[in-house]
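Novice: Dumping the structure here so I can ask a few things about it.
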2 protein chains.
Amino acid sequence: MLGAMADARAFQDDYPDDVAHCYGCGRLNGKGLRVRSFWDGDETVCRFVPAPHHTALPGFVYGGLIASLIDCHATGSAAAAGARADGRPVGSYRYVTAAIKVDYVAPTPLGPPLELRGTIREVKGRKVVVAVSVRANGIETARGEVVAVRLP
Amino acid sequence: MLGAMADARAFQDDYPDDVAHCYGCGRLNGKGLRVRSFWDGDETVCRFVPAPHHTALPGFVYGGLIASLIDCHATGSAAAAGARADGRPVGSYRYVTAAIKVDYVAPTPLGPPLELRGTIREVKGRKVVVAVSVRANGIETARGEVVAVRLP
């Protein structure tokens, strides 16, 4: 499935132009990370290949990058989940992060693509809670949880 | 005090070369953020000016950048606190992040310098817990806590 993502339409592709400049996921930010997220059944998935300079200790991925990927994949997942719950198109809502926590359970090797999988824990009013698992070479290296809040 | 920081020696200036490539704080990472941290009494302080592309919604700082600054300021603070507790020089130890959480309590305006202040909550064995407050224009916009673990 991951190979097909480059051609598919990501949640972030449907963000309105005025909220599409985020460094992490904005398609209109020329210097950003351009996180792109998709449904895969009831989970959400994102694939990202860190750059060589995204290093922590040599050979491993910088934890701040991992937190950033979790952050934007989760807010994208929240937008998709909130819209799905209301039977509306993905671009209908934009969420921002109220809180994030990340546990780094193993060093993340720098080189292979990272796969982030999001699970929607809660959709309630303007709030969506998303759990995210990060894997490299099929091994989980970080677990995150994001509380996302819908913009008015 | 902040004006004097450019000339002062930061904790990160004393990291050994083989662990000084971090994207967030490594002085040997030519594309990184170069977070620099200092003692200010029993607190630690870091000043950082986000770039225009470090945006979330237009006009506000990207939350993933804020998490990254908290992360590296906290691990630097942990290195300094661990070394101080043992009566050793700052560069004696290097810490990595085991867990981070960040609460975004207000939108962070993009433009003014950010000031991060670290409080050492606990130094126990190989673990240091650091709380970090982020302010812009003197107003707190984010609160973080990092569990840092000393590398063997």
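We did not get these values from a lab; they are worked out from the coordinates using the rules stated. What you are looking at is a predicted structure, and each value in this text was computed from that prediction instead of being measured. Glycine also receives a Cβ, built like all others from the backbone with ideal geometry; neighbour counts cover every protein chain displayed.
Novice: Step through the residues of the stretch B:124-139 one at a time and calculate ³J(HN,Hα) from phi using the Karplus curve (6.51 cos²θ - 1.76 cosθ + 1.60, θ = phi - 60°), rounding each to whole Hz and writing x for Gly and Pro.
Specialist: Values per residue, Gly and Pro as x: 8, x, 8, 9, 10, 10, 10, 9, 10, 10, 10, 10, 10, 6, x, 10 Hz.
Novice: List, in the order given, every pair from A:Lys31/B:Lys31; A:Lys101/B:Lys31; A:Lys31/B:Lys101; B:Lys31/B:Lys101; B:Lys31/B:Lys127 whose Cα-Cα distance in the structure shown is over 22 Å.
Specialist: A:Lys101/B:Lys31; A:Lys31/B:Lys101; B:Lys31/B:Lys101; B:Lys31/B:Lys127
Novice: Where does each of A:Ile66, A:Ile120, B:Ile100 land when they are ranked from fewest to most other beta-carbon atoms within 10 angstrom?
Specialist: A:Ile120, B:Ile100, A:Ile66
Novice: Sticking with this one: What's the center-to-center distance, using Cα atoms, between the stretch B:66-81 and the stretch A:19-37 in Å?
Specialist: Result: 25 Å between the Cα centres.
Novice: Mind listing the phi-derived Karplus ³J(HN,Hα) values for the stretch B:87-99, rounded to whole Hz, using 6.51, -1.76 and 1.60 with θ = phi - 60°, and x for any glycine or proline?
Specialist: Couplings: x, 10, x, 4, x, 5, 10, 10, 10, 10, 8, 8, 7 Hz.
Novice: Mind running the shape call on the stretch A:2-150? Use the C-alpha gyration tensor, a ≥ b ≥ c as the square roots of the eigenvalues: rounded below 1.5 for a/c, prolate if a/b tops b/c, oblate otherwise.
Specialist: prolate
Novice: Residue farthest toward the positive end of the dipole of chain A, with Cβ of Lys/Arg at +1 and Asp/Glu at -1: which of A:Ala106, A:Leu69, A:Val146?
Specialist: Toward the positive end, the furthest listed residue is A:Val146.
Novice: Compute a Gaussian network model of chain B, connecting alpha carbons closer than 10 Å, and tell me which residue from B:Ala81, B:Ala67, B:Ala56 fluctuates the most.
Specialist: Top of the fluctuation ranking is B:Ala56.
Novice: Now a separate question. By how many degrees, between 0 and 90 and to the nearest 10, does the Cα long axis of helix A:63-85 differ from the longest principal axis of chain A?
Specialist: Roughly 20 degrees, rounded to the nearest 10.
Novice: Just how large is the dipole of the stretch A:2-150 about the Cα centre, in debye to the nearest 20, putting +1 at every Lys and Arg Cβ and -1 at every Asp and Glu Cβ?
Specialist: It works out to roughly 240 debye.
Novice: Cβ under 14 Å from A:Phe38's Cβ, A:Phe38 left aside: what net charge do those residues give with Lys, Arg +1 and Asp, Glu -1?
Specialist: With Lys, Arg at +1 and Asp, Glu at -1, the neighbours total -1.
Novice: Restrict the search to the stretch B:1-65; then list the trypsin sites (Lys or Arg not before Pro) that DSSP places in a loop and that have at most 13 other Cβ atoms within 10 Å of their Cβ.
Specialist: B:Arg9, B:Lys31
Novice: Can you list residues from other chains, or at least 5 along the same chain, whose modelled amide H is less than 5 Å from the amide H of A:Gly24?
Specialist: Counting only residues 5 or more places away or on other chains, the set is A:Leu33.
Novice: Among residues other than A:Ala106 whose Cβ falls under 15 Å from its Cβ, what is the net charge (Lys/Arg +1, Asp/Glu -1)?
Specialist: Local net charge: -1.
Novice: Can you list residues whose amide H is under 5 Å from A:Leu114's amide H, if they're 5+ apart or on another chain and H is modeled 1.01 Å from N?
Specialist: For A:Leu114, the qualifying residues are A:Phe48, A:Val49.
Novice: Between rounded, prolate and oblate, where does the protein assembly as shown land on the alpha carbon gyration tensor, with a ≥ b ≥ c its root eigenvalues, rounded for a/c under 1.5, else prolate if a/b exceeds b/c?
Specialist: Cα axes put the protein assembly as shown in the prolate bin.
Novice: In whole Hz, with x marking every Gly and Pro, tabulate ³J(HN,Hα) for the stretch A:107-120 from phi via Karplus 6.51 cos²θ - 1.76 cosθ + 1.60, θ = phi - 60°.
Specialist: Going residue by residue, I get x, 9, x, 8, x, x, x, 9, 10, 10, 10, x, 10, 7 Hz, with x marking Gly and Pro.
Novice: Using a 10 angstrom cutoff on alpha carbons, build the Gaussian network for chain A and name the most mobile of A:Val123, A:Val132, A:Val35.
Specialist: Sorting by GNM fluctuation, first place goes to A:Val123.
Novice: Taking amide H positions as placed 1.01 Å from N in the peptide plane, with prolines and chain starts having none, which residues 5 or more places from B:Arg94, or on another chain, fall under 5 Å of its amide H?
Specialist: Hits under the 5 Å cutoff: B:Leu151.
Novice: While we're looking at this one, here's another question. Find the relative contact order for chain B and round it to a whole percent, using C-alpha pairs within less than 8 Å whose residues are 6+ positions apart.
Specialist: After rounding, I find 22 percent.
Novice: For an R0 of 30 angstrom, estimate the FRET efficiency from the Cβ-Cβ distance between A:Lys127 and B:Arg143 and round to the nearest 0.05.
Specialist: The value I calculate is 0.95.
Novice: Report, in deg cm²/dmol and to the nearest 500, the calculated mean residue ellipticity at 222 nm for the protein assembly as shown, where each DSSP H run with n ≥ 4 adds -39500 (n - 2.57) and the sum is divided by the residue count.
Specialist: Taking each H run of at least 4 residues, the total per residue is -5500 deg cm²/dmol.
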